[in-house]
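To start, the structure under review is shown below, and the notes come after it.
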Amino acid sequence: MTSPSTSSSVVGSTSSQPSGSPSALQSPQGRTTIADGVVQKIAGLAAKEVSGVYALGGGTARTLGALRERIPGSSQAAGQGVAVEVGEKQAAIDLDLVTEYGVSIAEVAKSVRRNVISSVEGMTGLEVTEVNVAVNDIHLPTDDSAAQSEPARVQ
């Protein structure tokens, strides 16, 4: 997946329920639909909660996010670095992230998967079929001090 999907999906029954029974989002009174952007935000916030994750997104996405933060009234997108594919009953999620230096990348990826799956399934009722984690960079402690030590261009 290269870009997030913008459609919405109708949520059906999950695999843990018998195929004939309706899901929590379907009833005789109607059906509840969940937009892809909702799943994208939930996954992004759940990934950021994990210790060892510094940021989401690749280099370009982080640069654009930094520019967006400088604009008054704007904020960084919660779904930055997250791409989703949502079907009627299932969702697949791809994450691009930056880890902190010194952490076990394998353990961070495992924790991210666990937290994203738990959050998305718990909040949406969708079955998460896969969470692909791509670690694009490592944040070094010197990265913060180098940015702060640069002299101001304007006094």
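The values are calculated or read from the model by the stated rules, or taken from the named source; none is laboratory data. Here the structure is a predicted model, which means the values were calculated and not measured. With ideal geometry, Cβ positions are generated from the backbone for all residues, glycine too; neighbour counts draw on all protein chains shown.
Data table
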read-out	value
Number of positions in segment 102-123 that are part of a helix (DSSP H, G or I), more than 24 Å from Val38 (Cβ to Cβ) and not small (Gly, Ala, Ser)	4
Criterion (hydroxyl-bearing (Ser, Thr, Tyr), buried (at least 18 other Cβ atoms within 10 Å of the Cβ) and either part of a strand (DSSP E or B) or touching a residue at least 12 places away in the same chain (Cβ under 8 Å) (or both)) met by exactly one of Thr99, Thr129	Thr99
Number of the condition not met by Glu121 [criteria: (1) at pLDDT 90 or above; (2) in contact with a Gly (Cβ under 8 Å, 6 or more places away or on another chain); (3) not basic (Lys, Arg)]	(2)
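One line per residue, one yes/no per condition, for (1) in contact with a His (Cβ under 9 Å, 6 or more places away or on another chain); (2) at pLDDT 80 or above; (3) outside any loop (DSSP other than H, G, I, E, B); (4) not hydroxyl-bearing (Ser, Thr, Tyr):
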{"site": "Thr6", "(1), (2), (3), (4)": "no, no, no, no"}
{"site": "Ser13", "(1), (2), (3), (4)": "no, no, no, no"}
{"site": "Ser23", "(1), (2), (3), (4)": "no, no, no, no"}
{"site": "Ala47", "(1), (2), (3), (4)": "no, yes, yes, yes"}
{"site": "Ala78", "(1), (2), (3), (4)": "no, no, no, yes"}
